[in-house]
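Right, one structure below, let's go through it.
The values are calculated or read from the model by the stated rules, or taken from the named source; none is laboratory data. Remember, predicted model here, so these are calculated numbers, not experimental data. Every residue, glycine as well, gets a Cβ built from its backbone with ideal geometry; the counts of neighbours run over all protein chains shown. These area figures cover heavy atoms from the full protein model, side chains too; ligands, DNA and RNA do not enter into them. Shrake-Rupley method; radii C 1.70, N 1.55, O 1.52, S 1.80 Å.
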Amino acid sequence: DTVSQHGVRVLSGRDRELLRFIGEQYLVTLPQLAYFANRCPRTARWLRTRWQRAGLIDAAPLLVDEPTVLWLTRRGLAALGLPWKSVRPSYASVQTWATLVELRLAARERYPHAGWISRRRLSHASPAPSPLPDALLTTEATSVAVVVKARGLDRRELERQVIPLIASYEHTLLVLPTVSRRTREWFDDLAGQ
């Protein structure tokens, strides 16, 4: 999987693709890595161990009874020439970021010709869109702002965070764990936008 050059192990093109995916998404779980790489869970664990030993990623089971999470280290980001800071995931961020990976994988399956621009890539675009969605799903015909919240939002938060996105993009996909009756009514009022 890696190529040796003058006795030094060099990342393969496939390694770079998989690590770049992890970097763009902040993190992936081991099952997500196996799925994205089209490999078995054992191979995903082997990749994790190899990359961890090389200092390219960190990995830990951050949630009880949940799969191990992988994220790039500063060294891993630098090896790929990615401009972002290394961010250790927190309990709250794992749910949001892992959900975004699931959405990206589902979009790739359902819409193979669509593009996916992660929040990290959007934040370094010139000029960076404002406000920033968590991701942007793009096709030749349209773009969809993707927003994922691990907890329900009250109406003020929805108005502050979602209304500007609805105004900025033709379509907005908002993923919430639960939706209250008042929130549903608020969305019904917005249906024309």
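Overview of values
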item	result
Computed accessible area, Glu170, all protein chains, 1.4 angstrom probe, square angstrom	130
Residue among Ala135, Ala59, Ala79 with the largest mean-square fluctuation in a Gaussian network model of the chain, springs linking Cα atoms under 10 Å	Ala79
Segment 1-123: C-alpha gyration tensor shape, a/c 1.5 cut-off, then a/b vs b/c	rounded
Cut-off under 5 Å, modelled amide H: who pairs with Val69 long-range	Ala60, Leu62
Derived scalar couplings ³J(HN,Hα) [segment 156-172; Karplus, 6.51 cos²θ - 1.76 cosθ + 1.60; whole Hz; x for Gly, Pro]	4, 5, 4, 5, 6, 9, 9, 3, x, 5, 4, 6, 8, 10, 5, 9, 9
Among Gly13, Gly76, Gly115, residue whose mean-square fluctuation peaks in a GNM of the chain (springs only between Cα atoms under 10 Å)	Gly13
Neighbour cut-off at most 12 other Cβ (10 Å), DSSP loop, trypsin sites (Lys or Arg not before Pro), segment 30-117	Lys85
Long-range HN-HN contacts of Gly152 with modeled amide H, under 5 Å	Thr178
Crossing angle, helix 91-110 versus the chain [Cα axis fit, 0-90 degrees, rounded to tens]	90
3J(HN,Hα) from dihedral phi, segment 57-67, Karplus parametrisation 6.51/-1.76/1.60, rounded to Hz, x for glycine, proline	9, 10, 8, 6, x, 7, 10, 4, 6, 10, x
Segment 12-65, accessible area per residue, ligands and nucleic acids excluded (1.4 Å, Å²)	50
Centroid-to-centroid separation of segment 31-90 and segment 118-193 [C-alpha atoms, Å]	28
Heavy-atom accessible area ranking, 1.4 Å probe, most first, across Ile22, Ile166	Ile166, Ile22
Of all accessible heavy-atom area on the chain, the percent that carbon and sulfur account for (1.4 Å)	50
Normalised contact order of the chain, rounded percent, pairs of Cα under 8 Å and 6 or more residues apart	14
Note, ³J(HN,Hα) from phi for segment 30-36, Karplus 6.51, -1.76, 1.60, rounded to Hz, x at Gly and Pro	4, x, 5, 4, 4, 5, 4
Candidate residues Asp188, Asp15: accessible-area rank, largest first, probe 1.4 Å	Asp188, Asp15
